[in-house]
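Engineer: Okay, here's the structure, questions in a sec.
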Amino acid sequence: MTGDTLSAILQEQFFTLTIVIHSSSLSTVHSTVTEVLTEAATADVELVTLATAVGLVVLGAVLRRRRDDRAGGTIVVAVGFALALAVLAVAVRSDGWLVGADDPITQWFVSHRNSTLNELAIAITTAGGPPETAAVGVLAAVALVWRTKRYGPAVIMLATVAAASILCTVLKFAVGRSRPPLPLQLMLETDYSFPSGHVTGTATLMMLLALVLGARRSTRVRVSMVVGALAVATLVAVTRLYLGVHWFTDVCGGALLAALMVTLGACALRLLDTRVVEQRNFSAPSTRKVTI
C-alpha cells in the first residue's frame, strides 16, 4: 500500500468521523431545544388554563352578588374550581410544570423539623383524618338537628362531605401519584397521594359548618366563622407537608376539590332556605285588614 493510498484512506475516515460527530451534536441540540420548547409550551398551557379558571371564579362571584343570577354565578364558580382541579390533576399525572415546586417545598419543611413540632403536627393531622372528620360531621349533624329541629342542613352537610370523600378517592386512583419517599415521612402513608384526603375532608366540613352556623347572623360573625374554618383547614394542610406525607400540589388539589364541593353544598343550602321561606309564606294566614 503506497503512502498516497494510506493518506487517502485516513482522510476519508476522518471526514466520516467528522460527519458522525456533527450529526450527533445536531441531534443533541435538537433534542434539547425540543425539550425546552415542550416544557415552555406546557407551562404556558397550564398557566393560561389556570388564569381562565381564576377568571371564571371571579366572574361567578360577581354574578352571585346579583339576586337575579345567583344560580348562574354558582355554576360559573363551580366550573372554575373544576377546571383548576383538572389542570392540576393533569399536571401531576404528566409531571408537568406545576409540580416543579413540590420537591423544594418538601425539603424546606423537612429541614425545619424539631421534636416539639413533630408531636404537634402528628396530633393535628390525626385529628383531621378521614375517620375523625366523619365522626365530627355526624356529631355536628346531630347537634344541628337537635338545635334547629331541621334535618335538611344536616343532610346536605353530610352528603356533601361524603361526596367530596368519594371524589377524592376516585381522583387518587385516576391520577395514581406516589407519596413522597419513605425516608421523608414521619408517618407511614403508602396509598396514592393526590389529592389530599385530609385537606379535602377537613376543609369541606369546616366550611359547611361555618355556613350553616353563620346563617341569619351578622356579617361579622359569618366572616369570623369562615376565617376560622379556613385557618383549621390550612393548619391541617401544613401538617401534611411538614410530616412529608404529601406534596404541595396534593394539598392544593384537596383545597380545590373542597372549594368545588363547598360551592355546590352552599348552593343546596341556599335553595333549601328559599324553599322553606316560600312554604312558610304560602302557609301563613292572611293578614290583610278588612274595612267596613
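Engineer: Using a 7 Å offset from the Cα along the Cα-to-Cβ direction at both L230 and Y151, what is the distance between the two label points in nm, to one decimal?
Structural biologist: In this crude label model, L230 to Y151 measures out at 3.5 nm.
Engineer: Rolling a 1.4 Å sphere over the protein heavy atoms, what is the accessible area per residue of the stretch 98-224, to the nearest Å²?
Structural biologist: 54
Engineer: Could you compute the FRET efficiency for R113 and V142, with r as their C-beta to C-beta distance and R0 at 45 Å, rounded to 0.05?
Structural biologist: FRET efficiency, R113 to V142: 0.70.
Engineer: Can you figure out the FRET efficiency of L188 with A135, using R₀ = 22 Å and their beta-carbon distance, to the nearest 0.05?
Structural biologist: For L188 and A135, the calculated efficiency is 0.50.
Engineer: With r as the distance between the Cβ atoms of L167 and I122 and R0 = 30 Å, compute the FRET efficiency 1/(1 + (r/R0)^6) and round to 0.05.
Structural biologist: Efficiency for this residue pair is about 0.65.
The values are calculated or read from the model by the stated rules, or taken from the named source; none is laboratory data. These numbers were taken from a predicted model, which means no experiment stands behind them. When we count neighbours, we look across all protein chains shown, and the Cβ atoms used for this are built from the backbone with ideal geometry, even at glycine. Keep in mind that these areas ignore ligands, DNA and RNA; they rest on the heavy atoms of the full protein, side chains included. Shrake-Rupley method; radii C 1.70, N 1.55, O 1.52, S 1.80 Å.
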